[in-house]
Amino acid sequence: MKKIFIFTAFIFFCMTIILNLYAQPQVNSSAKQVSKYIQDLKYGTSGIRCESAETLGEMGSSARESMPVLIDAIKDYGIRNFVIEAMGKIGDPSALDALNYVVKYDKDPKIKKAAGEAIKRIKSKRSKGNFLRSETK
């Protein structure tokens with residue numbers, strides 16, 4: 001009976017480790033990875049560029065250095081939606097001018113809406129950040 005308990009505990013332990021490995025985000029936000037995705041965003045095919053923008057967005061604020069490239073990529077009609085979403089997820093205020101321009105002048109209502117949502121997300125992150133800073137003073 002003791003052997004069955006030990007075996008069951010071992011199996012449970014192994015399954016827990018395996019499940020935890022798969023439950024963790026697969027995005028590596030190291031500077032090296034960010035640089036790779038920036039290069040893919042600049043020079044990749046349309047599909048690679050979409051994936052790169054999406055991945056940079058998933059990296060969140062740790063991918064801030066990609067913002068100038070994302071701002072430039074917003075001009076590419078094939079990947080704009082991915083770029084706009086990434087800008088919102090990264091949350092860097094430097095994207096606000098480009099996003100406001102899209103809201104004001106773009107002809108595609110879906111793109112305007114996505115840009116508006118990204119603006120709200122960035123402003124929300126910024127106001128939460130300001131709130132947290134004022135609380136710690």
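Some points to look at:
- Projected label points at Glu117 and Thr45, each 7 Å from Cα along the beta carbon direction, are separated by 2.8 nanometres.
- Distance histogram for the stretch 31-136 (every C-alpha pair counted, 10 angstrom bins, percent rounded to whole numbers): 17, 48, 28, 7, 1
- At R0 = 22 Å, FRET efficiency that the Cβ-Cβ distance of Arg64 and Asp97 yields, to 0.05: 0.90
- Computed FRET value (nearest 0.05) for Lys32 with Arg126, which takes r as the C-beta separation and R₀ as 30 Å: 0.60
- Remark: the Asp72-Lys110 segment gains 11.7 nm on full extension, using 0.36 nm per residue and subtracting the alpha carbon distance.
Read-outs: derived from the displayed coordinates by stated rules, not from any lab. Model, not experiment: these values are computed from the prediction. Here Cβ is always computed from backbone atoms with ideal geometry, including for glycine, and neighbour counts include all displayed protein chains.
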